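Peer 1: One structure coming up, written as structure tokens, with questions to follow.
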Amino acid sequence: MKKFFLNLSKPQRVFLIFLCVHFLIWTFLPLLKTTMHPDSVEAINWGMLGGWINDKHPPLSGFLADFFFNTLGGEHDIAIYILAQICMIIAFIYIYRLGRLLFNDERKAIISAILLEGVLYYSMTASDQFNCNIVSIPLWAATAFYVYRAVKQGRSTDWIFVGVAFGLNMLDKYSAAFQLAGIGAYMLLSRDARVQLRRPWPYLGAIVSAAIFAPHVYALHSSNFVSLSYLSRNAIAASHWWMRWTEPLLFVLSLIAAAAAAIVIYFIGVRNAKRASSKDTDTELFLSCMLFAPIIAMILNSMISNLEMSTMWGIPFLFLVGTALVYFFPRAIGGKQFKRILIGCYIVMVIFAFINLSKYIFNSKHRIHFDRSLYVEEIGDRWTAKTNGAPLHFVRGDIWFTSILSVYHPQNPRTILNVDAYNRQELNTESMKKYGLLIVDDDLAGIIERQRELLVKLPIQQYNYKTQNLVGDAREYQMFYVIIPPRGDKNDKDI
């Protein structure tokens, strides 16, 4: 390790230290929480369910979450925080590698990567939660890197890597398709890239992507496209015509706000620096297509489909923010400018870490300081008492409460995500009579609706619990549950 470290250039050693500090801070800080973010627990649950589909997204994030969580014993939350930061470190490294190709300047390549620390979602948000958006970030970066290197260096194997990276990205989240808009625009508009279209390798890469994504497509068709119904739930109901214009505008403004710290760091760092040499037209085209075409494609899709646009959906689109700043606003980067930007990134890291730390210390919301062990034990005991010790096979309801039971209960009950399509084979009249079902929700109306779906009407029980933050402030909450005993116990009275 010492030899490896000494063989690096000085800027590379600075970059390596920065990555280590980033990894340590954002991995260990969330351990101050009592329980994981709902997205993180849900991802583990998806992986435990297995198969190539779930109720929202393709399966890759679930596969990774389940693998890492169970690799470290199936109970240590740090496994998920490690996984999230591995994703971010990979993204930083690919942006650095792309920067070396674009700039042929070690300092500029490193700056283009470390400026991502100033993107809100790439630091404090990626530390607080793990979901498919976090997995997308390194895959977007890897895809862009291999496309550019394949075009500029003509390596046939790079198109295979493009296929692997893009295929995995599609296997993680459908919005990866918007990157195809950027790749397609570049391949058609760039003279260098059009040359590659006359070779077989880009098409081989496309076949590789299709092969990786194919199992999910088959499962999607077999499930009556259950995961696509998640998109319809984000439609803007009974919206006015002007909502189609304000949604995209707010989306773009939110992305700019998320990257504001990176923008400020760069321009403060290069103040008074001389303007650098002129830009390369083809590289400018590549960055423009990869940065703006996906955003435009998502906006058009939202306007046509009347979908609400969540800022979280645009997280991967920001992976080239640092690169674009360095390239489109070129300045001579000497040791002084490099040091300023590095210090600025560390300052922002500390500020963001302090914000998360304050939240973990003073916030007593139930999804930050929830005693999951007590919840699993007490709800499990109530199930056992009500069913005379029957195993807990199925749970349904609020995805966070059900996922906690699926992940941490000793019997790992299966969460039923959709009783009308994909999981009908597992939860039907016969299986519910045989194994029973536990319904949990923090919304009374939700409990009633879920009973109506299952054509049952049993007593709704209340579960009271308390959360306490790190300074001792406590808050009381309540949730509701219904126990449907095995073998259709008819002794229960109606509500």
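Peer 1: Can you confirm whether the range 358-365 contains a residue that is in a loop (DSSP other than H, G, I, E, B) and charged (D, E, K, R)? Steps first, answer last, please.
Peer 2: Pass one, the range 358-365, residues in a loop (DSSP other than H, G, I, E, B): 363-365.
When the remaining residues are screened for being charged (D, E, K, R), the result is 365.
Yes, there is a match, as at least one residue in the range 358-365 is in a loop (DSSP other than H, G, I, E, B) and charged (D, E, K, R).
Peer 1: Of all residues in the range 325-383, count the ones that are in contact with a Leu (Cβ under 9 Å, 6 or more places away or on another chain), farther than 22 Å from Ser406 by Cβ and among the β-branched types (Val, Ile, Thr).
Peer 2: 3
Peer 1: Within the bounds of the range 75-95, is there any residue that is buried (at least 24 other Cβ atoms within 10 Å of the Cβ), more than 14 Å from the chain's Cα centre (by Cα) and within 30 Å of Asp282 (Cα to Cα)?
Peer 2: yes
Peer 1: Among (1) crowded, with 16+ Cβ neighbours inside 10 Å; (2) assigned to a helix (DSSP H, G or I); (3) touching a Pro at 6+ places or on another chain (Cβ under 8 Å), which single condition is Met309 missing?
Peer 2: (2)
Peer 1: Can you spot a residue in the range 46-56 that is closer than 13 Å to Ile80 by Cα and not aromatic (Phe, Trp, Tyr)?
Peer 2: Of the range 46-56, the ones closer than 13 Å to Ile80 by Cα are 47.
Checking the rest, the ones that are also not aromatic (Phe, Trp, Tyr) come to 47.
Among the residues of the range 46-56, at least one is closer than 13 Å to Ile80 by Cα and not aromatic (Phe, Trp, Tyr), which makes the answer yes.
Peer 1: Please work out if Ala141 is buried (at least 24 other Cβ atoms within 10 Å of the Cβ), within 30 Å of Tyr360 (Cα to Cα) and in contact (Cβ under 8 Å) with a residue 24 or more places away in the chain.
Peer 2: Details: buried (at least 24 other Cβ atoms within 10 Å of the Cβ): yes; within 30 Å of Tyr360 (Cα to Cα): no; in contact (Cβ under 8 Å) with a residue 24 or more places away in the chain: yes.
No: the conditions fail for Ala141.
Peer 1: Test Val21 against the stated conditions and say whether it is of a type in the set (A, V, I, L, M), modelled with pLDDT of 95 or more and either in a helix (DSSP H, G or I) or buried (at least 18 other Cβ atoms within 10 Å of the Cβ) (or both).
Peer 2: Values: of a type in the set (A, V, I, L, M): yes; modelled with pLDDT of 95 or more: yes; either in a helix (DSSP H, G or I) or buried (at least 18 other Cβ atoms within 10 Å of the Cβ) (or both): yes.
The answer is yes for Val21.
Matching residues to (1) buried (at least 19 other Cβ atoms within 10 Å of the Cβ); (2) out of contact with any helix residue (DSSP H, G or I) (no Cβ under 8 Å at 6 or more places or on another chain); (3) modelled with pLDDT of 90 or more:
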position: Ile236; (1), (2), (3): no, no, no
position: Val264; (1), (2), (3): no, no, yes
position: Ala293; (1), (2), (3): yes, no, yes
position: Ile296; (1), (2), (3): no, no, yes
position: Ser302; (1), (2), (3): yes, no, no
position: Ser305; (1), (2), (3): no, no, no
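Peer 1: Checking Met309 against (1) farther than 29 Å from Gln179 by Cα; (2) modelled with pLDDT under 95, only one condition comes out false. Which one?
Peer 2: For Met309, the exception is condition (1).
Peer 1: So which residues in the range 43-80 are touching a residue at least 12 places away in the same chain (Cβ under 8 Å), at negative phi and not in a helix (DSSP H, G or I), if there are any at all?
Peer 2: Within the range 43-80, Trp52, Ile53, Asn54, Asp55, Lys56, His57, Pro58, Pro59, Glu75, Asp77 qualify.
Peer 1: Further, regarding this structure: Give the residue that is farthest from Ser288 (Cα to Cα), with candidates limited to residues of the range 154-213 that are in contact with a Lys or Arg (Cβ under 8 Å, 6 or more places away or on another chain) and either at pLDDT 95 or above or part of a helix (DSSP H, G or I) (or both).
Peer 2: Applying the filter and picking the extreme gives Ser156.
Peer 1: Looking at Leu470, Leu438, Leu455, Leu444, can you tell me which residue is assigned by TED's automatic domain parsing to the domain that holds Arg414 and surrounded by fewer than 12 Cβ atoms within 10 Å (Cβ to Cβ)?
Peer 2: Numbers: Leu470 fails: surrounded by fewer than 12 Cβ atoms within 10 Å (Cβ to Cβ); Leu438 fails: surrounded by fewer than 12 Cβ atoms within 10 Å (Cβ to Cβ); Leu444 fails: surrounded by fewer than 12 Cβ atoms within 10 Å (Cβ to Cβ).
After ruling out the rest, the residue left standing is Leu455.
Peer 1: If you don't mind, another one. Could you check how many residues of the range 261-285 are under 28 Å from Gly335 (Cα atoms) and in a helix (DSSP H, G or I)? Steps first, answer last, please.
Peer 2: Of all residues in the range 261-285, those under 28 Å from Gly335 (Cα atoms) come to 261-281, 283-284.
So of that shortlist, the ones also in a helix (DSSP H, G or I) come out as 261-269, 281, 283-284.
Number of matching residues: 12.
Peer 1: Can you tell which of Ile299, Ile315 is touching a residue at least 24 places away in the same chain (Cβ under 8 Å), under 21 Å from the mean Cα position of the chain (by Cα), in the same structural domain as Ile256 (by TED's automatic domain parsing) and within 13 Å of Ala176 (Cα to Cα)? Spell out how you get there, then give the answer.
Peer 2: Details: Ile299 fails: within 13 Å of Ala176 (Cα to Cα).
Being touching a residue at least 24 places away in the same chain (Cβ under 8 Å), under 21 Å from the mean Cα position of the chain (by Cα), in the same structural domain as Ile256 (by TED's automatic domain parsing) and within 13 Å of Ala176 (Cα to Cα) holds for just one of Ile299, Ile315, which is Ile315.
Peer 1: Looking at Leu83, Leu115, Leu101 in this structure, which one is touching a residue at least 60 places away in the same chain (Cβ under 8 Å) and either β-branched (Val, Ile, Thr) or assigned to a helix (DSSP H, G or I) (or both)?
Peer 2: Numbers: Leu83 fails: touching a residue at least 60 places away in the same chain (Cβ under 8 Å); Leu101 fails: touching a residue at least 60 places away in the same chain (Cβ under 8 Å).
Going through Leu83, Leu115, Leu101 in turn, the sole match is Leu115.
The values are calculated or read from the model by the stated rules, or taken from the named source; none is laboratory data. All of these numbers come straight from a predicted model, not from anything done at the bench. Methodologically, a virtual Cβ is constructed for each residue, glycine included, from the backbone with ideal geometry; neighbour enumeration extends over all protein chains shown.
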